[in-house]
Amino acid sequence: MVTIFYQRMFQSKSLFAGGIHPTDGFDKALTGGKNIIKYIPNTVRISLKQGLGPACKPVVHAGDHVMEGQLIGEAGHFLSAHVHASVTGTVTAVDETACEIAVEDCRLPDTDCVYYKEFVEISYSKEELVRLLSEGGLVGMGGAGFPTAVKYATKEKISHLLINGAECEPFLTCDEHLILEQGMAILNGARALKKACGAQKVIICMEDNKVHCKEALDKLLAGHGREVEIRLLPTKYPQGSEKQLIQAVMGVEIPAGKLPAEVGAMVSNIQTAKAAADMIFGGFPSTSRVITITGDVAHPGNYLVPIGTDIGELVALAGDVKSKDNKVILGGPMTGRLLGFCLDAAKMQAEKMAVVSKVSGGLVVLDGNKPEVSNCIKCGRCLQVCPAGIKPVMIEKNYLLGNLIACKALYATECIACGSCSYICPARRELAFHVVSAREAVRAKIREEAAQHA
């Protein structure tokens, strides 16, 4: 059985405020040392909403034959990203939300391409690179889903591009294995992204539980000077959060309401860098990713799959759940979305509960039922571990009372949804859920007030 045990708040070598140390490595070991498995399903169901904005407009119809990489959803909002067919096949169904394709063939990015084996010349201008990122439908693949081209089109002067390989979320190892198996593509993608944003330097950031990953990249970088720096950081959650990573590496705290670019920083995930290389050097739009299937399953592992692959199908591929008394989380256990309790592969497939998207880092099966919630005991632990420096218990209290003015005054908008407060709470209160809800409600209120005064 797999359980996340309460360990201790991580105190030593702290590079940013708050944070926790949720596990001691048993979770990562479940998928450690196992090569990425390629898997092609018989059918994909591709969501037309892959960015932060509204769903894309479908540009194909049922019965159409599409080729892998062909545009099937056109972005009409600056926070949306184009969607492409992740396979070659026939469109069997399409509506305003998704496109289903019966698979005939799927190449996936070709690791025999030269940019997977050696450093390649970047002949494109900054503007051309940003255009390619837009055409490829790239978004932040670490979970944020922000359109990459929009971020890299900044006019701000960027000093540091940080490629986020912290992968601090418990259980997930998809980024780690991508580094080990496709490191040269990541390095070439990082170099291209550096030119796209005009950064002075690029640093690939990892926690010090990934020394083997640093050694693998250092070996690839031998003879190439300091074109890309590899930096290890003390293991601590949520190191991979954008603002916390910037603070840990650059020693700069981003003020409330400000963006990373305003302090000279740009952050992209490891898989985003690899996807950039696939689009820029290989002509592959963002149509696949590596996802971790782990926890209480028979054969935990990492899988390279086309976007739109059914999650239940991957759980079956991993040998199915080992106990029906479980909870299933899409994403990591700290920030992921609960799919439900007492699930197995057959039920997930029958109910079409979820498919792989561009931001799907993993699926974790944990044993146990929903914990019983009790009243706050006023221990203050949530205040101590909050990396954003806000007061989760006070925001929750005011949100449940419907007092959004107080939530705004308490800086609910600065919540990064890391889940540290819920994890540490001895009363098992759903602090993160309520604080994130307060954050979204306050932001909606701010937008509404701005529209009224426009």
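Just so it is clear, none of the values below were taken in a lab; they were calculated from the coordinates. What you see is a predicted model, and the numbers here were worked out from it, not measured in a lab. Virtual Cβ from ideal backbone geometry, glycine too; neighbours counted across all protein chains shown.
Anything over 26 Å Cα to Cα? Flag those among LYS49/LYS195; LYS49/LYS445; LYS210/LYS322, in the order listed. Walk me through the intermediate numbers first.
Values: LYS49/LYS195 28 Å; LYS49/LYS445 24 Å; LYS210/LYS322 29 Å.
In this structure, LYS49/LYS195; LYS210/LYS322 lie more than 26 Å apart at Cα.
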query = Which of the helices in the chain meet the span-like rule: DSSP H, Cα axial reach of 24 Å or more, Kyte-Doolittle mean at least -0.5?
reply = 174-197, 431-452
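Could you list, in their original order, any pairs among LYS117/LYS151; LYS155/LYS201; LYS38/LYS214; LYS126/LYS214; LYS28/LYS194; LYS274/LYS352 whose Cα atoms are separated by more than 20 Å? Mind dumping the intermediate values first?
Details: LYS117/LYS151 28 Å; LYS155/LYS201 17 Å; LYS38/LYS214 24 Å; LYS126/LYS214 28 Å; LYS28/LYS194 30 Å; LYS274/LYS352 29 Å.
Those over the limit are LYS117/LYS151; LYS38/LYS214; LYS126/LYS214; LYS28/LYS194; LYS274/LYS352.
Using only the Cα atoms of segment 289-367, build the gyration tensor, take square roots of its eigenvalues as a ≥ b ≥ c, and label the shape rounded, prolate or oblate: rounded if a/c is under 1.5, else prolate if a/b is larger than b/c, else oblate. List each step's numbers first, then the result.
Values: a/c = 1.36, a/b = 1.29, b/c = 1.05.
Because its axes are fairly even, with a/c under 1.5, segment 289-367 counts as rounded.
Which order, highest average first, do 333-339, 445-451 follow once you tally other Cβ atoms within 10 Å for each residue and take the mean per peptide?
333-339, 445-451
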note = Here, GLU440 and GLN70, labelled 7 Å along Cα→Cβ, have an inter-label distance in nm of 3.5
Shape of segment 43-105, Cα gyration tensor, a/c cut at 1.5 = prolate
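Give me the compactness ratio for the chain, meaning the Cα radius of gyration over 2.2 N^0.38 Å.
Values: Rg = 21.4 Å, N = 454, 2.2 N^0.38 = 22.5 Å.
For the chain, the normalised Cα radius of gyration is 0.95.
Based on DSSP H runs of at least 4 residues, each adding -39500 (n - 2.57), what is the mean residue ellipticity at 222 nm of the chain after dividing by all its residues, to the nearest 500 deg cm²/dmol?
For the chain, the value works out to -8500 deg cm²/dmol.
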note = By the C-alpha gyration tensor axes a ≥ b ≥ c (rounded if a/c is under 1.5, else prolate when a/b exceeds b/c, else oblate), the shape of segment 152-258 is oblate
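What FRET efficiency would be calculated for the residue pair GLN452, HIS61, taking the C-beta separation as r and a Förster radius of 41 Å, to the nearest 0.05?
Working: r = 40 Å, r/R0 = 0.98.
That gives a FRET efficiency of 0.55.
Within 10 Å, count the other beta carbons around each residue, average over each peptide in 115-124, 218-227, and list them highest first.
Final packing ranking: 115-124, 218-227.
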request  = Return the lysines within reach of LYS378: Cα separation strictly under 29 angstrom, same-chain partners fewer than 8 residues apart disregarded; answer none if there are no such residues.
outcome  = LYS13, LYS236, LYS243, LYS327, LYS370, LYS391, LYS397, LYS408
Solvent-free Debye scattering, log10 I(q)/I(0), computed from the Cα coordinates of segment 381-452 at q = 0.11, 0.18, 0.24 Å⁻¹ = -0.24, -0.59, -0.98
